[in-house]
There are 2 protein chains.
Amino acid sequence: MEMDLLRDYHFGLHQLTEILGHACAVAVAKTYPLSILGKRQPTVLVVCGPYQNGCIGLACARYLRLFEYMPTVFYPKRSTQSPHLDFTVQCEKMDIPFLSYLPTEVQLINDAYNLVVDALLGPETELETVKEPFTNILLTLQGVKIPIASLDVPSGWDSDEGNICTINPNLLISLMAPKRCALGFSGTHLLAGRLLPYDIQKKYELNLPKFPSTACIIKLH
Amino acid sequence: MEMDLLRDYHFGLHQLTEILGHACAVAVAKTYPLSILGKRQPTVLVVCGPYQNGCIGLACARYLRLFEYMPTVFYPKRSTQSPHLDFTVQCEKMDIPFLSYLPTEVQLINDAYNLVVDALLGPETELETVKEPFTNILLTLQGVKIPIASLDVPSGWDSDEGNICTINPNLLISLMAPKRCALGFSGTHLLAGRLLPYDIQKKYELNLPKFPSTACIIKLH
């Protein structure tokens, strides 16, 4: 589906990442508005991996900053691909702090942040090949008590099969179209990214819901 | 200002165009919602030039299509720059029709469309050098009775000096920050594009208004 957009429609990776990162930040802000956050500061921990998801996480962090949140990024394995590099610079230049390590003591995370945005692994990640530092990060995230918002696929879930004993997010933000694993998800489920041409929706028989007015997200359940 | 974004913040032209095109479409849709359009079909004529404005117009047309409008693009002088080429393909592949000429009989335009989006000339256009086909298009647009929404600078206006006897739009959508000519504009004035880092706002002493919640546009007057 993304290949159709890139090849046939001449979308660029920067362009897609920007659209989806914006929509994810809107989804997070609508679900966890500034006014309901429990901590004194509107802190959000955004955990980014080296996959496309991680780059969308970086864009999401930038928009959260524009929406007056205080995002902190943890981005342990950096990709050398051009969108990742550029979106990293954009975060750094906007003075978004980057953590050099994730505390293993989960209480520190619970105390410091209102929520975690999980952009660690993506639908294309082959779970058998996942190793350090990701396995330990997943173990830490399993223990946190603050809400987790996962982008597209909760990290560690198989995008088709669903939950294979890993983190259990409160919010799932499906990107462009829900992946099969979302069927096994019982929390708040939003669809983000209103960009798919009708021909692609038809080709893949997506049966997407109708976004209201100019909204870039829609609540599925 | 844009140079800072491109050079220091590693923004790309595709990325900026996407953000601004989206915000313009939201501005148009909020000002002229589907429910108040007079014509049977939600038609919009989007007039694009070869400048950056025109490319934002193409992105705006694509989003208007996603928002259930029926945009038609008139794009008489095509740029060969990469964002223009890619954003044109995206419109064409989404079956947005392109006019091969603009009717000189303005009544045809008044009858066929609910409004015109003017992305013909931009703030960087040197007005002394403007010639055909633009002068004739401006003459036609001067005569239309349906509302005109101009992106950033009404075509034919000097971005600093203001109105030099040309079109008089009903809606002005300033991009990122109002240009000086907006001071002489008395219609509905929106600011679109929530992306400027605080450092840039400070550097150029922009004193931008505070966008509410996750909005990408804000009404100035």
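Given 10 °C and 1.306 mPa s, compute D for region A:118-195 with the Stokes-Einstein relation, Rh being the Kirkwood radius over Cα pairs; round to the nearest whole µm²/s.
Once the numbers are plugged in, D ends up at 127 µm²/s.
If each label sits 7 angstrom from Cα along the C-beta direction, how far apart, in nm, is A:Lys202 from its counterparts in the other copies?
5.3
Which one of A:Phe211, A:Thr72, A:Asn114 is farthest out on the positive end of the charge dipole of region A:64-221, using unit charges on Cβ (Lys, Arg +1; Asp, Glu -1) and the Cα centre as origin?
Towards the positive end, the residue furthest out is A:Phe211.
Near A:His14, within a Cβ-to-Cβ distance under 15 Å, what is the net charge of the other residues, with Lys and Arg +1 and Asp and Glu -1?
Result for the local shell: -4.
Given a 1.4 Å probe and heavy atoms of the protein chains only, how would you sort B:Asp152, A:Asp199, largest accessible area at the top?
A:Asp199, B:Asp152
Quick one: net charge of B:Thr129's neighbours, Cβ under 15 Å, K/R +1, D/E -1?
Charge balance in the 15 Å sphere: -3.
Relative to the Cα centre, what is the charge dipole magnitude of region B:2-219, using +1 at the beta carbon of each Lys and Arg, -1 at the beta carbon of each Asp and Glu, and rounding to the nearest 20 debye?
Here the size comes out at about 640 debye.
State, to one decimal in nm and shortest first, how far the label point of A:Asp8 sits from each corresponding label point in the other identical copies (label point: 7 angstrom along Cα-to-Cβ).
List, nearest first: 4.3 nm.
Sticking to Cα atoms, compute the Rg of region B:1-95 to one decimal and its Dmax as the biggest Cα-Cα distance, whole number, in Å.
That works out to 13.9, 48 Å for Rg and Dmax.
Between B:Thr72 and B:Thr129, what length in nm is gained on full extension when 0.36 nm per residue of separation is reduced by their alpha carbon distance?
Values: separation 57, 0.36 × 57 = 20.52 nm, distance 2.72 nm.
That pair, B:Thr72 and B:Thr129, stretches by 17.8 nm at full extension.
Grab the eigenvalues of the alpha-carbon gyration tensor for chain A, scale each by 5, take roots, and send me the semi-axes largest first in whole angstrom.
The three semi-axes for chain A are 25, 19, 18 Å.
Among DSSP bridges having both ends in region A:60-207, what percentage is antiparallel? Round to the nearest 5.
So the antiparallel bridges amount to about 5 percent of the total.
Identify which of B:Glu205, B:Glu105, B:Glu126 has the largest mean-square fluctuation in a Gaussian network model of chain B, with springs joining Cα atoms closer than 10 Å.
B:Glu205
Tilt of helix A:13-31 relative to the longest C-alpha principal axis of chain A, in degrees (0 to 90, nearest 10)?
Computed tilt is about 60 degrees.
Between A:Ser213 and A:Lys145, what is the FRET efficiency for a Förster distance of 41 Å, r being their Cβ-Cβ separation, to the nearest 0.05?
Computed FRET efficiency for A:Ser213 and A:Lys145 comes out at 0.70.
At a 1.4 Å probe radius, which order do B:Val89, A:Val47 fall into by accessible area, largest first?
B:Val89, A:Val47
Return one number: the angle in degrees, 0 to 90 and rounded to the nearest 10, between the long axis of the Cα atoms of helix A:134-143 and the longest principal axis of the Cα atoms of chain A.
For helix A:134-143, the angle is close to 70 degrees.
Which residue, A:Glu92, A:Glu132, A:Glu68, has the most motion in a Gaussian network model of chain A that connects Cα atoms within less than 10 Å?
Of A:Glu92, A:Glu132, A:Glu68, the Gaussian network model singles out A:Glu132 as fluctuating most.
Placing the label point 7 Å from Cα along the Cα-to-Cβ direction, what are the distances from A:Leu34 to the equivalent spots in the other copies, shortest first, in nm to one decimal?
3.2
What Kirkwood radius, in Å to one decimal, follows from the Cα pairs of the protein assembly as shown?
Taking every pair of different Cα atoms in the protein assembly as shown, averaging 1/r and inverting gives 22.7 Å.
Longest segment of chain A with no trypsin sites (Lys or Arg not before Pro) in a DSSP loop having at most 16 other Cβ atoms within 10 Å?
No qualifying site falls inside A:146-209, the longest such stretch.
What nm distance separates the two modelled labels at A:Glu92 and B:Tyr101, each placed 7 Å from Cα along Cα→Cβ?
5.5
Would you mind checking the tilt of helix B:52-66 against the longest principal axis of the Cα atoms of chain B, expressed as 0 to 90 degrees and rounded to 10?
It is inclined by approximately 70 degrees.
State in Å² the accessible area per residue of chain B; use a 1.4 Å probe, count heavy atoms of protein chains only, and round to the nearest integer.
42
Put +1 on the Cβ of each Lys and Arg and -1 on the Cβ of each Asp and Glu in the protein assembly as shown; which of B:Tyr9, A:Thr104, A:Ala182 then has its Cα farthest toward the positive end of the dipole?
A:Ala182
Using the structure shown, select from B:Lys30/B:Lys210; A:Lys93/B:Lys202; A:Lys219/B:Lys210; A:Lys77/A:Lys179 the pairs with a Cα to Cα distance greater than 22 angstrom. Don't jump to the answer; show the numbers that get you there.
Values: B:Lys30/B:Lys210 18 Å; A:Lys93/B:Lys202 14 Å; A:Lys219/B:Lys210 27 Å; A:Lys77/A:Lys179 25 Å.
Those over the limit are A:Lys219/B:Lys210; A:Lys77/A:Lys179.
GNM on chain B, C-alpha springs below 10 Å: top fluctuator among B:Ala177, B:Ala59, B:Ala23?
Highest fluctuation of the listed residues: B:Ala177.
What net charge is computed for the residues neighbouring A:Leu66, neighbours being all others with C-beta under 12 Å from the C-beta of A:Leu66, Lys and Arg scored +1, Asp and Glu -1?
The answer is +3.
Over the protein assembly as shown, what is the percentage of antiparallel beta bridges among all DSSP beta bridges, to the nearest 5?
15
The values are calculated or read from the model by the stated rules, or taken from the named source; none is laboratory data. Note that the coordinates shown come from a computational prediction; the quantities given were computed from them, not determined experimentally. Quick reminder, even Gly has a Cβ in these numbers, built from the backbone with ideal geometry, and neighbours come from all protein chains shown. Side chains included, ligands, DNA and RNA excluded: accessible areas come from the protein's heavy atoms. Shrake-Rupley method; radii C 1.70, N 1.55, O 1.52, S 1.80 Å.
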